[in-house]
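Notes follow the structure.
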């Protein structure tokens, strides 16, 4: 099988820890063939793993998931799970002058729980007959993963051979939490496709008549509204950055008149959709958009502008800036609405977000005294769940019991709906 051989080859350049999250997600896939192949892959990887690499943290994560698949309805999944557990038992049991079987059982004992005798015998049987390729004294260092290889390994693990419809923004609609297809950026932000230098105020001024610039700064809201109407005549021919910088000049997006503010927010969305938009252009208005996302009358328009930015720049970039700005403001309404906006954006664009950073902010939200922020944090975790599956739940193990109950209820609801 070409995919199987390619995956085995690529995995030699990756650490088990690097692949772990995707392995756990694929083990929860609702397609039994994917579970069969994933667990078999785990067994093959463990055959060439040393005790030093298979530390207690990795062992626990794998054992918990393998014990679950050991009870799978598919007999092939159960058999491969027993093989993987038996291989792990043999690996951790490879100690100098120590009986492999006994030490292996002791190492795994804390994670095996109340495993029945029949399944335990099957695991021990595999422990005795499996051949471990890696030697205990072998070097544990692994070459640094190449990005393309990492992507190939993740795709082979988590992507079922099914054609899926692509929705707006290029995100594939998840079929349900068990699909476990994580499309996440957990590392550095991706390089933007369009970059530019900041333009000067003089260059911005050159694109708009003097009377328009003066009217935008008028204390009379009718003058400001009229200036916006004048801008609409030329806005499609002016560089995006120039439009954004002009709109954000005092009073900018902090305009106290809801009609003027609505017009400005709609113009931001309009020019951003036209593009191209660079990060330095986005910076002109991002913080102010977050400041208005909780506005009673214009919050929806601010959210639409943020979504347009996410589409034109990237959700990865915009989500980072939104979370930082929202939690820096200490405004409960803006924080909760920013979290809810990100929930909707994930459903629209997919999980193209900095997962680790988002999880950290979800935990901050779960710890907030404001119930709206806590609720929005639960909703955001729910938006991520179809992509990450049960591996997401493990990241919240340290939360309070009441919070865990709410998370479990949200995830269970999603599973039932999926």
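State which residue is nearest to the chain's Cα centre (by Cα) when the search covers only the range 37-63 and only residues that are closer than 14 Å to residue 85 by Cβ and not in a helix (DSSP H, G or I).
Here the answer is 54.
Quickly run through the range 201-226 and pick out the residues that are assigned to a helix (DSSP H, G or I) and within 13 Å of residue 249 (Cα to Cα).
Answer for the range 201-226, where residues must be assigned to a helix (DSSP H, G or I) and within 13 Å of residue 249 (Cα to Cα): 201, 204, 205, 212, 213, 214, 215, 216, 224.
Which residues, taken from the range 328-358, are part of a helix (DSSP H, G or I), more than 12 Å from residue 376 (Cβ to Cβ) and touching a helix residue (DSSP H, G or I) at 6+ places or on another chain (Cβ under 8 Å)?
Of everything in the range 328-358, those that are part of a helix (DSSP H, G or I), more than 12 Å from residue 376 (Cβ to Cβ) and touching a helix residue (DSSP H, G or I) at 6+ places or on another chain (Cβ under 8 Å) turn out to be 329, 345, 346, 347, 348, 349, 355, 357, 358.
Looking at the range 349-356, can you tell me whether even one residue there is without any contact (Cβ under 8 Å) to a residue 60 or more places away in the chain and assigned by TED's automatic domain parsing to the domain that holds residue 385? Reasoning before the result, please.
Filtering the range 349-356 for residues without any contact (Cβ under 8 Å) to a residue 60 or more places away in the chain gives none.
No, the conditions are met nowhere in the range 349-356.
Suppose we filter the range 5-32 for residues that are part of a helix (DSSP H, G or I), in contact (Cβ under 8 Å) with a residue 60 or more places away in the chain and surrounded by fewer than 20 Cβ atoms within 10 Å (Cβ to Cβ); how many remain?
Summing the residues that are part of a helix (DSSP H, G or I), in contact (Cβ under 8 Å) with a residue 60 or more places away in the chain and surrounded by fewer than 20 Cβ atoms within 10 Å (Cβ to Cβ) in the range 5-32 gives 2.
Can you give me the ranges of the helices (runs of 4 or more DSSP H) entirely in the range 240-285 with at least 1 residues that are under 14 Å from residue 225 (Cα atoms) and free of Cβ contacts under 8 Å to residues at least 40 places away in the same chain?
Because the criterion is at least 1 residues that are under 14 Å from residue 225 (Cα atoms) and free of Cβ contacts under 8 Å to residues at least 40 places away in the same chain, the helices (runs of 4 or more DSSP H) in the range 240-285 that meet it are 240-247, 258-274.
Within the range 370-418, which residues are surrounded by fewer than 16 Cβ atoms within 10 Å (Cβ to Cβ) and outside any helix (DSSP H, G or I)?
Result: 370, 397, 398, 400, 418.
Any residue in the range 65-76 that's farther than 18 Å from residue 21 by Cβ: show its pairings with residues that are crowded, with 22+ Cβ neighbours inside 10 Å at Cβ separation under 6 Å, as long as the two are six or more apart or on different chains.
Correct list of pairs: 70/81.
The values are calculated or read from the model by the stated rules, or taken from the named source; none is laboratory data. Just so it is clear, the model here is predicted, and its values are computed rather than measured. Counting neighbours? That spans all protein chains shown, and the Cβs are built from the backbone with ideal geometry, glycine included.
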